[in-house]
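Below is one structure, written out as structure tokens; comments come after it.
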Amino acid sequence: MIELFQKGGVIMGIIVALSLVAAVIIVERLIYFRRIRVDEEKMISRLRVALEKGHYEEAASICDNNPTPITNLMKVGIDHRQFSEAEIKESIMNAANLEIPNLERFLPALGTVAHIAPLLGLLGTVTGNIEAFGVLGQAVGGGDPTALANGIAEALLTTAAGIVVAVPAIIFYNSLVSKVNHIIIRLENRVSELVLLLKSGGE
């Protein structure tokens, strides 16, 4: 492994560094989505019971103890419960927009890694081939074909490494983006329900 790293040169080092960055982002995002995963119907039922009794502090405590995008929106609604229905809805929508950066955190960086890793691999191959043919051109009598073949093989290592890094990065990027989009759509669909829940609570 170390020998392959040395043969790939500086470009290989950059690709390896990008693979580590991608791995850290993927693990962090998977842990984050696992942490915010919650049975929304069960959570809404708990909040409805507290609100129907007029226990707003209890409802706010439930939200604080179960920090997820949906409970964060509900907490904002509880804090604005004395305002009109339109104002409550606007405050919840504003809070929903603030949740989006948290959901999309680091995803642009992962997408960048997925796109530039194969390009860096190609760059390493091109520079490696230039070097290999340059040595061949300087050799007396055309040089050793075996040496040329070895040089080209080493140059192709960076392309292979770039593809190896890019494929899983693209797969996880698309999967995480899809998950974020589903959460955003679900939040948008929940806004009206949360407003009605707040306005009916305690009445």
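The values are calculated or read from the model by the stated rules, or taken from the named source; none is laboratory data. Just so we're clear, the structure is a prediction, and the values are computed from it rather than from any experiment. So basically every Cβ, Gly included, is an ideal-geometry build from the backbone, and we count neighbours across all protein chains shown.
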Would you check if there is a residue in region 42-50 being touching a Ser or Thr at 6+ places or on another chain (Cβ under 6 Å), of a type in the set (Gly, Ala, Ser) and modelled with pLDDT under 90?
no
Within the bounds of region 91-108, is there any residue that is surrounded by fewer than 14 Cβ atoms within 10 Å (Cβ to Cβ) and basic (Lys, Arg)?
no
Which of the residues spanning region 68-126 are touching a residue at least 24 places away in the same chain (Cβ under 8 Å) and hydroxyl-bearing (Ser, Thr, Tyr)?
Thr68, Thr71, Thr125
Which listed residue is modelled with pLDDT of 85 or more, in contact with a Ser or Thr (Cβ under 6 Å, 6 or more places away or on another chain) and not in a loop (DSSP other than H, G, I, E, B), from Gly111, Gly121
Gly121
Across region 27-52, what is the number of residues that are in a helix (DSSP H, G or I) and closer than 21 Å to Ser178 by Cβ?
11
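Yes/no per residue for (1) buried (at least 17 other Cβ atoms within 10 Å of the Cβ); (2) aliphatic (A, V, I, L, M):
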site	(1), (2)
Arg37	no, no
Glu41	no, no
Leu47	yes, yes
Cys63	yes, no
Pro69	yes, no
Asn72	yes, no
Val76	yes, yes
Gln82	no, no
Glu85	no, no
Identify the single condition in (1) modelled with pLDDT of 85 or more; (2) over 26 Å from the mean Cα position of the chain (by Cα) that Cys63 does not satisfy, given that it satisfies every other one.
(2)
